[in-house]
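Heads up: the structure comes next, in structure tokens.
The values are calculated or read from the model by the stated rules, or taken from the named source; none is laboratory data. Keep in mind the model is a prediction, meaning the values are calculated, not measured. We place every Cβ from the backbone using ideal geometry, glycine too, and count neighbours over all the protein chains shown. Ligands, DNA and RNA are excluded from the accessible area calculation, which covers all protein heavy atoms including side chains. Shrake-Rupley method; radii C 1.70, N 1.55, O 1.52, S 1.80 Å.
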Amino acid sequence: MALNIPGLVSLSVFFTFTLAAGIWASWKSRKEQQNQNPTEMAIVGGRNIKVCVGLFTATATWVGGAYINGTAEIVYLPSKGLLWVQAPVGFALSLLIGGFFFVNPMRSKNYMTVMDPLQEVYGNMMGSLLFIPPLLGEVFWFAAILASLGATMRVILDIEGSLAIALSACTVILYTLLGGLYSVAYTDVIQLVFITLSLLVCIPFALINSATESIYYTATHKHYQDPWIGKIEKQYLGRWLDDFFYLVLGSIPWQTFFQRVLSAASPSQARFISYLSGLGCFLMAIPPVLIGAVAASTDWNQTSYGLPSPLERGESAMILPFVLHYLCPTYISIAGLGAIAAAAMSSADSALLSAGSMFAHNIYRKILRKKSSLLQAADREVLWAMRTSMLVFGAGAASLAFYSNSVYDLWFLSGELVYALLFPQLCCALFAPSSNTYGSAAGFLVGLLLRLLAGEPALKIPPIICYPVCAFLDGSYMQLFPYKTFTMLFTLGTIIAVSYLATLLFQRNLLPRRWDVCNVLGETSTHTPLRQMDKQTGLQTVPLEENCD
């Protein structure tokens with residue numbers, strides 16, 4: 001296949017336009033930050049992001065390359081089908097639950113990151129440990145997005161994937177470095193509009209292609225392959241429910257979500273953005289679902305792709321660009337290519353900003369510079385730490401993108417760790433005032449151990465714990481029991497139980513209070529002799545500096 005010159009030119013124009021929008025947004029943010037805290041401007045947009053912009057950026061954050069490509073692929077796969085497309089409903093419910101339960105306690109205290117309540121309740125040391133899973137998740141997510149984009153460019157433009165990865169990474173890093181949340185939010189508006197219009201333009205051409213059977217007929221009738229509506233077999237019901245709860249609850253404890261709602265001017269606006277973006281995520285699934293249905297209804301032998309089919313060649317992950325390239329006219333497929341690039345960039349910049357924000361605010365400011373001679377890092381210094389970390393994380397993710405298979409697997413595993421470890425910690429920090437650092441540490445260790453012992457087939461990690469209905473499929477064991485949700489609930493129970501037990505033991509002097517190194521009772525033994533301590537003291541709010549740092 002020859003180099004697609006029009007496609008390359010179109011992509012270059014799109015990248016240039018996106019970069020220009022990001023630079024304009026950075027100029028706008030610098031203009032508005034004259035009377036604002038520069039760090040707060042970079043992380044949460046000075047809490048002055050307009051509702052319309054907030055809605056677009058919150059929707060675009062979830063509707064990324066993995067979302068549209070993955071939705072089309074699942075509909076296309078005969079072993080899955082539409083009934084296994086859980087992300088649209090899962091993300092919509094996640095944003096609904098997040099807006100209803102989590103926005104008020106986070107926004108009312110003017111937190112800047114998802115790590116703030118964790119450090120406030122559990123202390124800096126425990127907070128730095130809890131920072132690891134989301135950091136890995138954001139970096140691997142960025143790398144996976146770049147890898148997917150590189151593979152797509154290789155299919156449609158016949159250029160080296162490394163060139164597309166490098167170009168995308170440099171563009172995203174540059175405008176995110178310059179403008180922080182403002183640049184990300186305003187470029188998300190452009191990208192989401194471009195995704196919607198491009199895919200909607202491509203779908204009619206794919207539907208009327210002579211190689212494609214009616215998707216209404218193939219939804220329930222076997223033609224070229226099994227019906228694309230799919231089915232959920234009884235033995236896979238536990239796995240289906242596990243994946244569904246993972247999407248609904250596991251999508252909440254991410255900085256990418258809270259960065260949007262915390263940037264709103266008020267809690268009511270934040271909730272409104274969360275609710276409507278959930279609806280937006282659901283509606284944005286319609287184009288990729290139709291494209292996956294078209295792919296399942298196509299006789300690929302009638303196209304220039306030929307036989308064997310993408311499924312038989314093991315290229316089902318590329319089904320969306322294949323439909324755009326082989327079932328649409330060239331000028332239309334170029335528009336679809338822009339949609340894929342826009343979707344990838346809308347998620348990549350969010351991941352990069354999220355990782356940099358948490359490192360600069362929660363690690364650099366609160367831990368690395370806390371005990372310096374300056375007591376606390378100046379805002380300008382934190383801002384430069386954020387930019388430096390984004391540059392490092394972005395370069396590292398771009399390097400990892402060349403190992404696409406491993407990156408995808410690591411991304412899924414780190415996302416499961418966020419669900420199993422971070423979601424229970426956040427719930428307890430916000431809604432269980434009796435939780436403390438001892439419970440947090442015990443929950444982290446128990447949850448991590450349970451998840452790792454369950455194994456991971458994609459990474460060739462055999463299970464040590466075989467839950468009920470553990471099946472041996474395709475040469476490896478697969479847990480059909482909802483073990484991810486079980487691990488999350490067990491972690492939640494461990495945090496609450498150990499926190500209560502630790503408090504009880506110290507309050508009743510069953511353990512010497514000098515052993516209370518995390519000071520969960522709000523007492524400092526260095527200032528108050530043990531004999532004079534009030535034995536009736538209940539659990540108190542502990543200043544961050546005194547809480548197990």
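Modelled with pLDDT under 95, closer than 17 Å to Phe56 by Cα and among the hydroxyl-bearing types (Ser, Thr, Tyr) - does that describe any residue in the stretch 277-284?
Checking the stretch 277-284: not a single residue is modelled with pLDDT under 95, closer than 17 Å to Phe56 by Cα and among the hydroxyl-bearing types (Ser, Thr, Tyr).
What do you reckon, is Leu207 closer than 30 Å to Gly98 by Cβ and open to solvent by 40 Å² or more (accessible area, probe 1.4 Å)? Spell out how you get there, then give the answer.
Details: closer than 30 Å to Gly98 by Cβ: no; open to solvent by 40 Å² or more (accessible area, probe 1.4 Å): yes.
It is false that Leu207 is closer than 30 Å to Gly98 by Cβ and open to solvent by 40 Å² or more (accessible area, probe 1.4 Å).
Taking only the stretch 472-481 into account, find how many residues are open to solvent by 50 Å² or more (accessible area, probe 1.4 Å) and in a loop (DSSP other than H, G, I, E, B).
Matching residues across the stretch 472-481 total 3.
With the stretch 66-125 as the region, which helices (runs of 4 or more DSSP H) entirely inside it contain at least 1 residues that are basic (Lys, Arg) and surrounded by fewer than 24 Cβ atoms within 10 Å (Cβ to Cβ)?
Details: elements: 87-97, 103-108, 116-122.
Where helices (runs of 4 or more DSSP H) fall fully within the stretch 66-125 and carry at least 1 residues being basic (Lys, Arg) and surrounded by fewer than 24 Cβ atoms within 10 Å (Cβ to Cβ), they are 103-108.
Counting just the residues of the stretch 482-510 that are crowded, with 20+ Cβ neighbours inside 10 Å and of a type in the set (Phe, Trp, Tyr), which one comes out nearest to Pro463 (Cα to Cα)?
Per the criteria, the residue is Tyr483.
With the structure loaded, tell me whether Trp228 is farther than 23 Å from Ser414 by Cβ and at pLDDT 95 or above or whether it fails that test.
Taking the combined requirement at face value, the residue satisfies it.
Residues in the stretch 298-339 that are within 19 Å of Ile159 (Cβ to Cβ) and in contact (Cβ under 8 Å) with a residue 60 or more places away in the chain: how many?
The total comes to 16.
What are the residues in the stretch 148-160 that are open to solvent by 10 Å² or more (accessible area, probe 1.4 Å), assigned to a helix (DSSP H, G or I) and out of contact with any Pro (no Cβ under 6 Å at 6 or more places or on another chain), if any? Write out each step before concluding.
Here is the first cut: in the stretch 148-160, the residues open to solvent by 10 Å² or more (accessible area, probe 1.4 Å) are 148, 151, 154-155, 158-160.
Then drop every residue that is not assigned to a helix (DSSP H, G or I), which leaves 148, 151, 154-155.
Ser148, Ala151, Arg154 - these are the residues of the stretch 148-160 that are open to solvent by 10 Å² or more (accessible area, probe 1.4 Å), assigned to a helix (DSSP H, G or I) and out of contact with any Pro (no Cβ under 6 Å at 6 or more places or on another chain).
Would you please list the contacts, defined by Cβ atoms under 7 Å and residues six or more apart or on different chains, that run from a residue in the stretch 258-276 that is over 9 Å from Arg107 (Cα atoms) to a residue that is open to solvent by 60 Å² or more (accessible area, probe 1.4 Å)?
Ala265/Asn48; Tyr275/Leu96
List, please: which pairs have Cβ atoms under 6 Å, are six or more places apart or on different chains, and start with a residue in the stretch 142-166 that is more than 17 Å from Glu315 (Cα to Cα) and modelled with pLDDT of 75 or more and end with one that is open to solvent by 30 Å² or more (accessible area, probe 1.4 Å) and not hydroxyl-bearing (Ser, Thr, Tyr)?
These pairs meet every condition: Ala143/Leu400.
Exactly one condition in (1) at pLDDT below 95; (2) part of a loop (DSSP other than H, G, I, E, B) is not met by Gln235; state its number.
(2) is the only condition that Gln235 fails.
Among (1) outside any helix (DSSP H, G or I); (2) open to solvent by 10 Å² or more (accessible area, probe 1.4 Å); (3) among the aliphatic types (A, V, I, L, M), which single condition is Ala264 missing?
It is condition (2) that Ala264 fails.
One line per residue, one yes/no per condition, for (1) within 30 Å of Arg154 (Cα to Cα); (2) open to solvent by 20 Å² or more (accessible area, probe 1.4 Å):
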position: Gly396; (1), (2): yes, yes
position: Ser399; (1), (2): yes, yes
position: Cys428; (1), (2): no, no
position: Pro468; (1), (2): no, yes
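If I ask for residues that are in contact (Cβ under 8 Å) with a residue 60 or more places away in the chain and more than 27 Å from Tyr122 (Cβ to Cβ), which ones from the stretch 430-471 would you list?
Taking the stretch 430-471 and keeping what is in contact (Cβ under 8 Å) with a residue 60 or more places away in the chain, we get 430-441, 444, 469, 471.
If the condition is that a residue be in contact (Cβ under 8 Å) with a residue 60 or more places away in the chain and more than 27 Å from Tyr122 (Cβ to Cβ), then Val469, Ala471 are the ones that fit.
Looking at Glu138, is it in contact with a helix residue (DSSP H, G or I) (Cβ under 7 Å, 6 or more places away or on another chain), surrounded by fewer than 22 Cβ atoms within 10 Å (Cβ to Cβ) and on the phi < 0 side of the Ramachandran plot?
Judged against the criteria, Glu138 is not a match.
Kindly indicate which of Phe244, Phe258, Phe272, Phe194 is under 25 Å from Leu19 (Cα atoms), modelled with pLDDT of 90 or more and not charged (D, E, K, R). Full working, then the answer.
Values: Phe244 fails: under 25 Å from Leu19 (Cα atoms); Phe272 fails: under 25 Å from Leu19 (Cα atoms); Phe194 fails: modelled with pLDDT of 90 or more.
Criteria check complete, one pass: Phe258.
Yes/no matrix, rows are residues, columns are (1) open to solvent by 60 Å² or more (accessible area, probe 1.4 Å); (2) among the β-branched types (Val, Ile, Thr); (3) without any contact (Cβ under 8 Å) to a residue 40 or more places away in the chain; (4) out of contact with any Pro (no Cβ under 7 Å at 6 or more places or on another chain):
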site: Thr171; (1), (2), (3), (4): no, yes, no, yes
site: Phe194; (1), (2), (3), (4): yes, no, no, yes
site: His223; (1), (2), (3), (4): yes, no, no, yes
site: Gly250; (1), (2), (3), (4): no, no, no, yes
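Would you be able to say whether some residue in the stretch 25-46 is assigned to a helix (DSSP H, G or I), on the phi > 0 side of the Ramachandran plot, open to solvent by less than 30 Å² (accessible area, probe 1.4 Å) and not aromatic (Phe, Trp, Tyr)?
Applying the first criterion (assigned to a helix (DSSP H, G or I)) to the stretch 25-46 yields 25-35, 38-46.
Adding the requirement that they be on the phi > 0 side of the Ramachandran plot leaves 45-46.
Going one step further and asking which of them are open to solvent by less than 30 Å² (accessible area, probe 1.4 Å), we end up with 45-46.
Subsequent filtering for residues that are not aromatic (Phe, Trp, Tyr) retains 45-46.
Yes, the stretch 25-46 contains a residue that is assigned to a helix (DSSP H, G or I), on the phi > 0 side of the Ramachandran plot, open to solvent by less than 30 Å² (accessible area, probe 1.4 Å) and not aromatic (Phe, Trp, Tyr).
Could you please find all residues in the stretch 191-216 being of a type in the set (S, T, N, Q) and more than 30 Å from the chain's Cα centre (by Cα)?
Residues satisfying the conditions are Asn209, Ser210, Thr212, Ser214.
Whether any residue in the stretch 145-160 is at positive phi and touching a Leu at 6+ places or on another chain (Cβ under 8 Å) is what I want to check.
Yes, some residue in the stretch 145-160 is at positive phi and touching a Leu at 6+ places or on another chain (Cβ under 8 Å).
Of these, Gly314, Gly280, Gly306, Gly338, which one is small (Gly, Ala, Ser) and open to solvent by 30 Å² or more (accessible area, probe 1.4 Å)?
Answer to the selection: Gly314.
Looking at Thr485, Thr494, which is the one that is at pLDDT 95 or above and more than 21 Å from the chain's Cα centre (by Cα)?
None of the others qualify; the one that does is Thr494.
Determine which single condition Ile132 fails, assuming it passes every other condition in (1) surrounded by fewer than 24 Cβ atoms within 10 Å (Cβ to Cβ); (2) in contact (Cβ under 8 Å) with a residue 60 or more places away in the chain; (3) among the β-branched types (Val, Ile, Thr).
Ile132 satisfies every listed condition except (2).
Are any residues in the stretch 430-441 of a type in the set (Ser, Thr, Tyr) and open to solvent by less than 40 Å² (accessible area, probe 1.4 Å), and if so, which ones?
Ser435, Thr437, Ser440, listed by residue number.
Can you pull out the residues in the stretch 442-458 that are crowded, with 20+ Cβ neighbours inside 10 Å, more than 30 Å from Asp474 (Cα to Cα) and more than 21 Å from the chain's Cα centre (by Cα)?
Across the stretch 442-458, the qualifying residue is only Gly443.
Any idea which residue in the stretch 500-523 is nearest to Met125 (Cα to Cα), counting only those that are among the charged types (D, E, K, R) and within 39 Å of the chain's Cα centre (by Cα)? If you could, list the steps in order and put the result at the bottom.
Kept after step one, since they are among the charged types (D, E, K, R), are these residues of the stretch 500-523: 508, 513-514, 516, 523.
Applying the additional criterion that residues be within 39 Å of the chain's Cα centre (by Cα) yields 516, 523.
Details: Asp516: 15, Glu523: 19 Å.
So, considering only residues that are among the charged types (D, E, K, R) and within 39 Å of the chain's Cα centre (by Cα), the one nearest to Met125 (Cα to Cα) is Asp516.
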